[in-house]
Amino acid sequence: RLKTLSKGTKEKVQLILVMSREASLYLLDEPIGGVDPAARDYILNTIISNYTENASVVISTHLISDVEKILDDVIFLSMGTVALTSTVDDIREKKNKSVDELFREVFKC
């Protein structure tokens, strides 16, 4: 039955199953990749409202502007190496940039 669901709906079901656990660490790999904007908002709101208070949530994504509003800290990885680590507040206050702007600067082609 799950095979007949859209990608966005499958992502929602998987996320609900993951977030229903009382874990100390949640690892989410591209949780909003390939889903429509409405599903992205639902997924991000589900993450925010359902993780255990003392838990850490690690999200890997290329959709920086979509997740930026829920981030506290960021780590930029390049070919398995840490290219940058910072708090979101430091990026905004000290560099006067959004996380998305800094990401595009660090990984400029």
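Taking Val18 and the conditions (1) assigned to a helix (DSSP H, G or I); (2) surrounded by fewer than 13 Cβ atoms within 10 Å (Cβ to Cβ); (3) out of contact with any Gly (no Cβ under 9 Å at 6 or more places or on another chain), which numbered condition does it fall short on, given that it satisfies the others?
Just one mismatch for Val18, condition (2).
Given the criteria surrounded by 14 or more Cβ atoms within 10 Å (Cβ to Cβ) and not in a helix (DSSP H, G or I), does Thr85 qualify?
Taking the combined requirement at face value, the residue does not satisfy it.
Residues being part of a loop (DSSP other than H, G, I, E, B) and within 19 Å of Glu11 (Cβ to Cβ): count how many of those fall in the range 44-70.
4
Of everything in the range 54-82 that's of a type in the set (A, V, I, L, M, F, W, C) and under 19 Å from Met19 (Cα atoms), which residue is surrounded by the most Cβ atoms within 10 Å (Cβ to Cβ)?
Val67
Going by the structure shown, is Asn96 out of contact with any Cys (no Cβ under 9 Å at 6 or more places or on another chain), exposed (fewer than 13 other Cβ atoms within 10 Å of the Cβ), closer than 30 Å to Leu5 by Cβ and at pLDDT 90 or above?
no
The values are calculated or read from the model by the stated rules, or taken from the named source; none is laboratory data. Nothing here was measured: the structure is a model prediction, and the numbers come from that model. No Cβ is skipped: glycine too gets one built from the backbone with ideal geometry, and neighbour counts run over all protein chains shown.
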